[in-house]
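The values are calculated or read from the model by the stated rules, or taken from the named source; none is laboratory data. Note that this is a predicted model, so its numbers are computed, not measured. Neighbour counts are summed over all protein chains in view; Cβ atoms, including those assigned to glycine, are modelled from backbone coordinates with ideal geometry.
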Amino acid sequence: MRFIIATVVAATVLALPSTSSAQAEADLEAGAVFASRNDIRIPGDGGTRFSLVDDLSTPAAPAFRLRLSYRVANRHLLSLLYAPLQVNATGQLDRDISFAGGTFPAESSILAVYRFDSYRLTYRYSFVTAPGWDVAGGLTAKIRDAEVSLYGADVRRKTNTGFVPLVNVHVAWRPDDGAFGMVLDADALAAPQGRAEDVLLAATWQARDNVELRAGYRMVEGGSDVDEVYSFAWLHYAIAGARIGF
């Protein structure tokens, strides 16, 4: 499924026509992700709450994301994002855990897999395009493909695929239109049953007219609290990336 969606994303953007007022962009980001919170209870109204961070050991994991965009008349941007994520945790729990209809005894070895793949379609409009500034806002349609699995005395897996609407905010600053600048980019929204935030703050370097490099910090936080699933995570990324225009 992930391969199919990523292929459709790439084909859709690359197939868009190129004109004098339009530009295609490819944006690749890679780095390492660290978890400071990852609390799980499945089902949300009857399982045992435990933490992949506090009760188990969750090492840093590699992460990457690919965004393909199409910009028209310098103010309109349509983009498609593929952002896979998987972190694993291992260890022994100090109590019995009821999870997804199974029981994992205390002191038994456990491998926990947390996967949260994200596919997003974003439209945003640049309200300010003054020299050195790009201030934009828009909407993001997100499809999440999530999974939490436990392997040990039993094997249990909970998957969930769903749609989440988000608000997109983008602020880019390059003083005097020079080579160096900063960028803030965020997708976020909150509701009574949960929330989602994906925020990037990075330094940028315009290496060439059509090549921008960046390095910085990304935070992904949120989750849901419903009868089916209780899951909240707080993830921190050290990232480097490049945006190339065609």
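Would you be able to tell me the number of residues in segment 187-216 that are touching a Leu at 6+ places or on another chain (Cβ under 8 Å) and assigned to a loop (DSSP other than H, G, I, E, B)?
Qualifying residue count, segment 187-216: 0.
Looking at MET219, MET182, can you tell me which residue is surrounded by fewer than 17 Cβ atoms within 10 Å (Cβ to Cβ) and under 21 Å from ASP54 (Cα atoms)?
On the way: MET182 fails: under 21 Å from ASP54 (Cα atoms).
The unique qualifying residue is MET219.
Exactly one of (1) under 23 Å from ASP185 (Cα atoms); (2) assigned to a strand (DSSP E or B); (3) of a type in the set (Gly, Ala, Ser) is unmet by ALA130. Its number?
Checking ALA130 against (1) under 23 Å from ASP185 (Cα atoms); (2) assigned to a strand (DSSP E or B); (3) of a type in the set (Gly, Ala, Ser), the one that fails is (2).
Does any residue of segment 106-124 turn out to be touching a strand residue (DSSP E or B) at 6+ places or on another chain (Cβ under 8 Å), assigned to a loop (DSSP other than H, G, I, E, B), surrounded by 18 or more Cβ atoms within 10 Å (Cβ to Cβ) and not hydroxyl-bearing (Ser, Thr, Tyr)?
No - not one qualifying residue is present in segment 106-124.
Name the single residue that is surrounded by the fewest Cβ atoms within 10 Å (Cβ to Cβ) among those in segment 152-179 being part of a helix (DSSP H, G or I) and of a type in the set (Asp, Glu). Let's see the steps before the verdict.
Filtering segment 152-179 down to residues part of a helix (DSSP H, G or I) leaves 175-177.
From the residues that got through so far, the ones that are of a type in the set (Asp, Glu) too are 176-177.
Working: ASP176: 8, ASP177: 10.
Per the criteria, the residue is ASP176.
Could you look through segment 53-81, keep only residues that are aliphatic (A, V, I, L, M) and within 16 Å of TYR114 (Cβ to Cβ), and pick out the one that is surrounded by the most Cβ atoms within 10 Å (Cβ to Cβ)?
Going residue by residue through segment 53-81, those that are aliphatic (A, V, I, L, M) are 53, 56, 60-61, 63, 66, 68, 72-73, 77-78, 80-81.
Pick out the ones that are also within 16 Å of TYR114 (Cβ to Cβ) and you get 53, 56, 60-61, 63.
Working: VAL53: 18, LEU56: 18, ALA60: 14, ALA61: 15, ALA63: 22.
The extreme case among them is ALA63.
Please tell me if ASP45 is charged (D, E, K, R), at pLDDT below 95, touching an Asp or Glu at 6+ places or on another chain (Cβ under 9 Å) and under 15 Å from LYS158 (Cβ atoms).
Details: charged (D, E, K, R): yes; at pLDDT below 95: yes; touching an Asp or Glu at 6+ places or on another chain (Cβ under 9 Å): yes; under 15 Å from LYS158 (Cβ atoms): yes.
The answer is yes for ASP45.
Yes/no matrix, rows are residues, columns are (1) touching a helix residue (DSSP H, G or I) at 6+ places or on another chain (Cβ under 9 Å); (2) among the basic types (Lys, Arg); (3) closer than 30 Å to GLY181 by Cα:
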site: GLY31; (1), (2), (3): no, no, yes
site: ALA35; (1), (2), (3): no, no, yes
site: ILE42; (1), (2), (3): no, no, no
site: ARG75; (1), (2), (3): no, yes, yes
site: ALA83; (1), (2), (3): no, no, yes
site: ASP94; (1), (2), (3): no, no, no
site: TYR119; (1), (2), (3): yes, no, yes
site: SER126; (1), (2), (3): no, no, yes
site: PRO131; (1), (2), (3): yes, no, yes
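What are the pairs with Cβ atoms under 6 angstrom where one residue, in segment 43-69, is farther than 23 Å from ASP94 by Cβ and the other, located anywhere, is outside any strand (DSSP E or B) and among the charged types (D, E, K, R)? Sequence gap at least six, or different chains.
Note: pairs meeting the criteria are ASP45/ASP227.
When you scan segment 22-52, how many residues do you find that are surrounded by fewer than 18 Cβ atoms within 10 Å (Cβ to Cβ), in a loop (DSSP other than H, G, I, E, B) and not small (Gly, Ala, Ser)?
Counting residues in segment 22-52 that are surrounded by fewer than 18 Cβ atoms within 10 Å (Cβ to Cβ), in a loop (DSSP other than H, G, I, E, B) and not small (Gly, Ala, Ser) gives 4.
Which condition does SER149 not pass, out of (1) more than 20 Å from PHE64 (Cβ to Cβ); (2) surrounded by fewer than 17 Cβ atoms within 10 Å (Cβ to Cβ); (3) without any contact (Cβ under 8 Å) to a residue 40 or more places away in the chain; (4) small (Gly, Ala, Ser), if it passes all the others?
The failed condition is (2).
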